[in-house]
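Input: a single structure, listed below in structure tokens.
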Amino acid sequence: MAHSTDQFDFDFIVIGSGFGGSVSALRLVEKGYKVGVMEMGRRWTPDNLPHTSWSIRRWLWRPSLGLRGFFNIQFFEHATIFHGCAVGGGSITYACTLLPPPVKVWEAGSWRALADWKAEMPRHYDTASRMLGVTENKILGPADTLLKKAAESAGSGHTFYCTKVGIFQPVEGDPAGQTYPDPFFGGQGPERSTCIACGGCMMGCRYGAKNTLDLGYLYLAEKRGVQVFPETKVVKVKPLDGASDGSLGYEICTVKSTAWLRRQPQRFTCRAVVFSASSLGTMELLCHLKEKGSLPAISGQLGKHVRTNSESLIGVRTPGYSEDVSQGIAIGSGVYIDEHTHIEAVRYPKGSDAMGFLTTILTDGQPGPRRIALWLKNVFTSMLRHPFKTVRVLQPLGWAREFVILLCMQALEGEIEMRWERPMFWPFRKFLVSRGEKVPTYIPKANEFAKQFARLTGGFAMSMLPEILFNVPGTAHCIGGCVIADSPSHGVVDSHQRIFNYKNMYICDGSVVSANLGVNPSLTITALAERAMSYIPAAAEMNWNDRAHNDPHRHLLA
Ligand SMILES: Cc1cc2nc3c(=O)[nH]c(=O)nc-3n(C[C@H](O)[C@H](O)[C@H](O)COP(=O)(O)OP(=O)(O)OC[C@H]3O[C@@H](n4cnc5c(N)ncnc54)[C@H](O)[C@@H]3O)c2cc1C
Ligand code: SF4
């Protein structure tokens, strides 16, 4: 039975309210559609954001353990993946660095030759930058000055740059923390206050200075009538009325994500769906739906070409250094220590010391028992040489005030695969598990750079403990898994981000990114979503017959 549009709860349901989801919601409501956004995470305001990372219940997301924060950590054999979970997606916890990737990324990966990306993307990056309020960071803290000095000593001082960020900064001469009427959207947005350089961006900005999505895209979308359902997890998406290609619309089932027992199941109907649950979230949901038979025709390429930006986290702890290195913004500056290797200076706000449990004395060497032995030797030697200082840097108190995280990203190809399998340790249900070549956790040049940095402060170069013990790198930049391609034999969506083999079904999030970017991905995810939405006609012209363009020979022409 065919439904008329007003028989549906919504024209479009967007799953997830991060970068891809918020862009989709705003652009679709502007085109005249009735839009609902289902978001698993909670809504955050300056009143309920945690003050420090010791407030574990309001920082971490693991509702089964009573943790209802906005920061999710998922452990895989090949990477520990950090991501956001909130109304506003990753923007609540992200460090608001918004960088375009080098143009060479459009010549790599499965999206190569499917569009004239180099001609098309600049205008979408411009729109994304304007909407996210991207501007050059003018607030340099002690960590940034040290990064510059370390780069100069390493011969790469000329590559030092101030990051481009989505932060409302005070103009020169004005005091920080002043409140102004909407400075970004011609008076349509909320009032905002200028940044006070507390370094707390990754704990959620309690001062209204960070350009989170709930103060931008999503704010404007809700103002125009988009309905956002917080703490609502989508568990089922199924074509309606036996039309297996979704041409008669979809049924969406949800549960309350923060409930233990009464999960309050709900059912909605819509004509079209946008998956925007992040790279990991969309892979997980689609794998589950494919396996359960709700969406069996999703491409078998689902979960392939997952990239982690080849990241490694190291750092320097600076006990006794005269300045508080947590001052500034979360990521204030960066350097390129070689053509492929990019390092950013990252910080947490004073008092947010919980991550201190994960850092230890820097250790070189290839993974495995030898590296662990070398690490034990390093700790032991350091204890003998500087017993008090060593104990001090290994305990977490004061960590954020003294620690500069060096986020090292490499624009080198390297990918893993995610599969939906029963892990050995818990054979009762299926989960996403990672497969493929291990991503390197030891980048020798980056370690040398950390040692150089440490010498400048009389401090200690540090590694992440899980990288040494388990040879598992940490990343906040998981991308791919539903990549753009010419056909379902090579990817999950076409170049307009329409899912192959279904009608009126799209993906707008980090899962579609089809090459290693070498820079933080949110600006690219936003620009790609802007582009995908630009191809959707206005509601009055929609024939609800939008399907992926399948051109299996296209890649042969490239
Ligand atoms: C600590 C940290 C710092 C970062 N800093 C930066 C930075 O400075 N610059 C940068 O570019 N990137 C940064 N990132 C990465 C950035 O946050 C992500 O790349 C970005 O948020 C991805 O956007 P997205 O649209 O793919 O999804 P997200 O923004 O992750 O949004 C997806 C949303 O979908 C929701 N969801 C998932 N599954 C379901 C479901 N089944 N039902 C309903 N909702 C669901 C999630 O709760 C989430 O809110 C950082 C990440 C972290 C963790
Ligand atoms: S440094 Fe502090 S005030 Fe500035 S954006 Fe980050 S959290 Fe907000």
One residue from GLY216, GLY166, GLY246, GLY204 being under 30 Å from ASP6 (Cα atoms), open to solvent by less than 20 Å² (accessible area, probe 1.4 Å) and within 14 Å of ligand 1 (Cβ to nearest atom): GLY216
Residue match in the stretch 127-138 (condition: assigned to a loop (DSSP other than H, G, I, E, B), near ligand 2 (Cβ under 9 Å from one of its atoms) and either in contact (Cβ under 8 Å) with a residue 40 or more places away in the chain or more than 15 Å from CYS96 (Cβ to Cβ) (or both)): no
Which listed residue, of GLY177, GLY155, is away from ligand 1 (no atom under 15 Å from the Cβ), modelled with pLDDT under 95 and open to solvent by less than 50 Å² (accessible area, probe 1.4 Å): GLY177
Close pairs from the stretch 253-271: first of a type in the set (A, V, I, L, M), partner within 12 Å of ligand 1 (Cβ to nearest atom) and open to solvent by less than 20 Å² (accessible area, probe 1.4 Å), Cβ under 8 Å, at least 6 apart: VAL255/THR232
Lone unmet requirement of (1) touching a residue at least 24 places away in the same chain (Cβ under 8 Å); (2) outside any strand (DSSP E or B) for LYS236: (2)
Residue list for the stretch 55-101, filter: part of a helix (DSSP H, G or I), open to solvent by 20 Å² or more (accessible area, probe 1.4 Å) and in contact (Cβ under 8 Å) with a residue 24 or more places away in the chain: ILE56, PRO63, SER64, GLY90
The one condition in (1) surrounded by fewer than 23 Cβ atoms within 10 Å (Cβ to Cβ); (2) of a type in the set (A, V, I, L, M); (3) at pLDDT 95 or above that LEU412 fails to fulfil: (3)
Among the residues listed as GLU120, GLU172, GLU136, GLU191, the single one being among the charged types (D, E, K, R) and modelled with pLDDT under 95: GLU172
Hits in the stretch 39-68 (condition: under 18 Å from the mean Cα position of the chain (by Cα) and away from ligand 2 (no atom under 16 Å from the Cβ)): GLU39, MET40, GLY41, ARG42, ARG43, LEU60, TRP61, ARG62
Residues (touching a residue at least 12 places away in the same chain (Cβ under 8 Å) and open to solvent by 20 Å² or more (accessible area, probe 1.4 Å)) located in the stretch 30-46: GLU30, LYS31, GLY32, LYS34, MET40, ARG42, ARG43, PRO46
Filter result for GLU291 (in contact (Cβ under 8 Å) with a residue 24 or more places away in the chain and under 30 Å from PRO239 (Cα atoms)): yes
Some residue of the stretch 9-20 being over 17 Å from the mean Cα position of the chain (by Cα), surrounded by fewer than 19 Cβ atoms within 10 Å (Cβ to Cβ) and not aromatic (Phe, Trp, Tyr): yes
Verdict on SER322 being of a type in the set (Ser, Thr, Tyr), under 30 Å from THR390 (Cα atoms) and in contact (Cβ under 8 Å) with a residue 40 or more places away in the chain: no
The lone exception for LYS104 - which of (1) crowded, with 19+ Cβ neighbours inside 10 Å; (2) out of contact with any strand residue (DSSP E or B) (no Cβ under 6 Å at 6 or more places or on another chain); (3) assigned to a helix (DSSP H, G or I) it fails: (1)
Among residues of the stretch 188-201, those that are open to solvent by 40 Å² or more (accessible area, probe 1.4 Å), in a loop (DSSP other than H, G, I, E, B) and either more than 16 Å from ligand 2 (Cβ to nearest atom) or in contact (Cβ under 8 Å) with a residue 60 or more places away in the chain (or both), counted: 1
Strands (runs of 3 or more DSSP E) contained in the stretch 420-519 and holding at least 2 residues surrounded by 24 or more Cβ atoms within 10 Å (Cβ to Cβ): 460-464, 479-481, 505-507
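The values are calculated or read from the model by the stated rules, or taken from the named source; none is laboratory data. Just so it is clear, the structure is predicted and the values come from calculations on it, not from any experiment. Positions of Cβ are backbone-derived with ideal geometry, glycine not excepted, and every protein chain shown enters the neighbour counts. Surface accessibility is based on the protein's heavy atoms, side chains included, excluding ligands, DNA and RNA. Shrake-Rupley method; radii C 1.70, N 1.55, O 1.52, S 1.80 Å.
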